[in-house]
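Heads up, the thing below is written out as C-alpha cells.
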Amino acid sequence: MYHRWMTLLIIVLVVLKTVECQGSRTLDLEATRTEMIESRNRRAKELEKMLNVAKEQLKQHKSGQKLLDDAEKKKLERQIDMFERKMEHLLKEPDDKEVKRVLHREQERDERVLARRAQQEKEEL
C-alpha cells in the first residue's frame, strides 16, 4: 500500500514539474529563439567544415591531384549545393511561427514521455 502511494506521489510530482516546465517554455519565446539560433550556429559550423572538405576534394579533382570518377564528382557537386543551401537556411533568423512550431513539437514529445512513464508505473503496480 505504501509503495502505491509513493508511486502515485512521484507521478503527480513529475506531472506538475512537466506542466510547470511547459508553461514557462510557452511563455518564453525569446529564450527558445535564442536556443534555436545557438543550435543552428553550431550546426552551420559543422556544415561549413563538411563543405570545405567537399570543395577541397573537388578542387583536387579539377587540378588533377586526385581524380574522381563521374559518379563521385556528381555526388560531391550535389553535396556542395546541398550544404550551401542548408547553411543559408540555418543562418536565417527563425520567425515566430517556426519557434512556436518547435515549442509545440517539444510539448507533444514531453506529453508522450510522460504518458509512457505513467503507463510503465501503472504496469509495475
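The values are calculated or read from the model by the stated rules, or taken from the named source; none is laboratory data. On a predicted model such as this, the values are computed, not experimentally measured, just so you know. Cβ sites come from the backbone with ideal geometry, for glycine too, and all protein chains shown count toward neighbours. Side chains are part of the model used for accessible areas, which takes the heavy atoms of the whole protein and leaves out ligands, DNA and RNA. Shrake-Rupley method; radii C 1.70, N 1.55, O 1.52, S 1.80 Å.
The table for this structure:
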{"item": "Residue that is surrounded by the fewest Cβ atoms within 10 Å (Cβ to Cβ), among those in segment 82-93 that are in contact (Cβ under 8 Å) with a residue 12 or more places away in the chain and not aliphatic (A, V, I, L, M)", "result": "Glu93"}
{"item": "Failed item in (1) surrounded by 13 or more Cβ atoms within 10 Å (Cβ to Cβ); (2) at pLDDT 95 or above, with Thr32 passing the rest", "result": "(2)"}
{"item": "Test: residue in segment 95-117 that is among the hydrophobic types (A, V, I, L, M, F, W, C) and not in a helix (DSSP H, G or I)", "result": "no"}
{"item": "Residue under evaluation Asp96, criteria (1) closer than 30 Å to Ala31 by Cα; (2) modelled with pLDDT of 95 or more, criterion not met", "result": "(2)"}
{"item": "Top-ranked residue in segment 94-125 [being loosely packed, with under 12 Cβ neighbours inside 10 Å, within 18 Å of Ser39 (Cα to Cα) and without any contact (Cβ under 8 Å) to a residue 60 or more places away in the chain; ranked as nearest to the chain's Cα centre (by Cα)]", "result": "Arg105"}
{"item": "Failed item, numbered, when Leu27 is tested on (1) hydrophobic (A, V, I, L, M, F, W, C); (2) under 30 Å from Arg117 (Cα atoms); (3) open to solvent by 90 Å² or more (accessible area, probe 1.4 Å); (4) modelled with pLDDT of 80 or more", "result": "(4)"}
{"item": "Segment 51-81: number of residues that are open to solvent by 80 Å² or more (accessible area, probe 1.4 Å), of a type in the set (A, V, I, L, M, F, W, C) and modelled with pLDDT of 95 or more", "result": "1"}
